[in-house]
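Below is one structure, written out as structure tokens; comments come after it.
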Amino acid sequence: MTADLETQRRSVYAGVGLAFALLLAVYFVYQIRAVVLVLLLTLLFSIIISRPVDYLARKGLSRVWGTLIVLGILAFALTLVVLALAPIVQDQALQLAEDAPVFLSQVQGLVENLRGRFGLEIALPDLQQLLDSARSFLSGGAFSTFVSVGASVANVLSFGFVVLVSTIFAVAQPEPLVNGFVALYPAGWRERVREILNEMYWNVQRWFLGQLVSMAVIGMLFTVALFVIGIPFALLLGILSGLLAFIPFVGPAISVVPPILLALADDPVKALWVILAYAGVQFIEGNIIQPLVMSRAVSLHPVIIVFGLLIMGTLFGFVGVLIAIPLVAALQVLVHELWVKRMDEKGTDPNPPPKEEPPKTKERIGRLRRVVGAPFRRS
């Protein structure tokens, strides 16, 4: 009896100590969040770039040259895309900025008409007052705004340079970093640590590849849909929807607002078509594209995604939101391998949860993926 009480007391002390250590770690991370953000970005970019570098290394090319070649190809491809799309996107963006007051006035008039017809109590801000406030802010605080923006740009460029240099060295010479990290653990654990690191590496790789394909598909489908419906600035809005698809839940919801406003300014019936097109694109992305390219990635519950976005956004701002999902996916692998499996070994669950049977749609997609999904397999 005394031994059981002593064991329980030690467990309580261990739990309290673990909670205190976790709070202390969070406080420490918050104090040096800029450094932690640079570290996380370096790890993420290193994992993403390592896949093609590994392929070139297996072909006999040194990792240093492989890293430079991959970065050069990425820079060249990005430059081509920007040169091809920049003129059209710039023209549409400038035209949208010029026509925005007219569109907003039309939407405001439509809402006023609906409010008068149905007796709805909808409080709308005064458009002219908002425009006047924006002009006065830009004119009155021009110098302070310029200084603030200049300082922010310089800060971002300095952090970007650090991330770039660190990524190059990490991808070109990963062995010393990995071996040094593994050496921190007892010799008997090191093989297991390497397996967990490898699983986290492949999980982030699969996530990035799937996310890239998903963003491209959403951007193209939404652009075509808006063009067919007759919404102006279809290419600009389609590119915006593809980029915002990087942020789960929040991004797609934001991307549909501008086309709906433009549709309301032209013809309210078009707004309904925009909503239907948005629902169709999301259905295709969620039921075909995601299972096809992410069937082997760790699935995340929506609640985990939401709180991951909230925590990372609070700690690191917008950039934290962008890297929240791969970080949460890696942490889920870590928790499952280090904690859940150990808990499963301590006994037998008398009422285990039922195993989910994959839907037939996903089974068909899985067969399709095995046929066309050679690039998705580990090499």
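Among 85-93, 20-28, 319-327, the peptide with the highest mean count of other Cβ atoms within 10 Å heads the list, and the full ranking is 319-327, 85-93, 20-28. Here r is the Cβ-Cβ distance between ARG194 and GLU345 and R0 is 25 Å; the resulting FRET efficiency, rounded to 0.05, is 0.75.
Extension gain for VAL250 to ARG33 (0.36 nm times residue separation, less C-alpha to C-alpha distance): 75.8 nm.
Of the residues ARG33, ARG206, the one with the fewest other Cβ atoms within 10 Å heads the list, and the complete ranking is ARG33, ARG206.
The rule of thumb for compact globular proteins, 2.2 N^0.38 Å, goes into the C-alpha radius of gyration of region 178-300 1.47 times.
Any read-out appearing in this document is the output of simple, stated calculations on the displayed coordinates, not a laboratory observation. Because the structure is a prediction, the values reported are computed rather than measured. Reconstructed Cβ throughout: ideal geometry from the backbone, glycine too, with neighbour counts over all protein chains shown.
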